[in-house]
Amino acid sequence: MIAHFCVMLQISMTSFIYILLATFICTLLGGFVAFRYKQYSHIFSGLTAGVLIAIVFLEIIPEIFEMNSSSTLPLLWVVGGFVLFHILEKIFSLHHSHGELEHEDHDHSHHHLTTRTTGAWALIGHSFIDGLGIGLAYQVSPLFGSLFAIGVIAHDFSDGFNTVALTAHKSKKVSTRYLLLDAIAPSIGAVIGMLFVLPEHVLAVVLSLFAGILLYVATG
């Protein structure tokens, strides 16, 4: 019995490590495409949106209802996560217009450059939160954690792409540093998420918020 548990734990940790590696690689791949093949970004964005919507509605939300089957409250938390991330996005201007950098006014342009840098840091923070979600989902089960991670990995590509796009006004070396930070952030978040064990009713609320965030990313 103990030997079987150890084997299962080893398999779980192995898959967890592979997931962390996948988040890192997909983020870097998104940045590479932003550097070299920016004209194809719409194709990857469409694919990412489809994967995220499927994961949220077919896997994450049903699992949340299994954890809290006596209440419809999780759906309210999903909406809360959606609205919360919408507000944060508007505050940090994650989808700041690229064309505004061409404004002739120096002070105005400087403001937009600062906003772009802030947006890049916001994306790094967002990637950290995504990783935190993976770690928390693993507390439910390795399978659920892996399914949750698929959605995160799918849009890590877009995160990497957007990080490079937002820091394009800087040198390629500096832009690459931001990209590396964005690539590492999910792994740090996932490890922290695995370390903090939450009661199931609290975990259901947190995962509902994450479902709303992922849904907003997909529709946005």
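What follows is calculated from the coordinates using simple rules that are stated; it is not laboratory data. Being a predicted model, the structure only gives us computed values, none of them experimental. FYI the Cβ positions are ideal-geometry reconstructions off the backbone, even for glycines, and counts take in every protein chain you see.
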Review point. Simple spin-label model, 7 Å along Cα-to-Cβ: W121 to I53 in nm?
Key: 3.4 nm
Point to revise | Estimated inter-spin distance, I87 and I43, nm [label 7 Å along Cα→Cβ] | key: 4.0 nm
Revision key, fill the gap. Binned at 5 Å starting from 0, the alpha-carbon pair-distance distribution of the stretch 146-210 in whole percents comes out as 4, 14, 19, 21, 15, 12, 8, 5, 2, 0
Point to revise | Under 15 Å, Cβ to Cβ, from F65 - net charge with Lys/Arg +1 and Asp/Glu -1 | key: -4
Practice item. Figure the gain on full extension for A168 and Y18 (residue separation times 0.36 nm, minus the Cα-Cα span) and round it to one decimal in nm. Key: 51.0 nm
Review point. If you line up the Cα atoms of the stretch 172-212 on their principal axes, what length do they span on each, largest first, in Å?
Key: 45, 23, 7
**Study point:** Fully extended contour minus Cα-Cα distance, from F196 to F32, at 0.36 nm per residue
**Key:** 55.7 nm
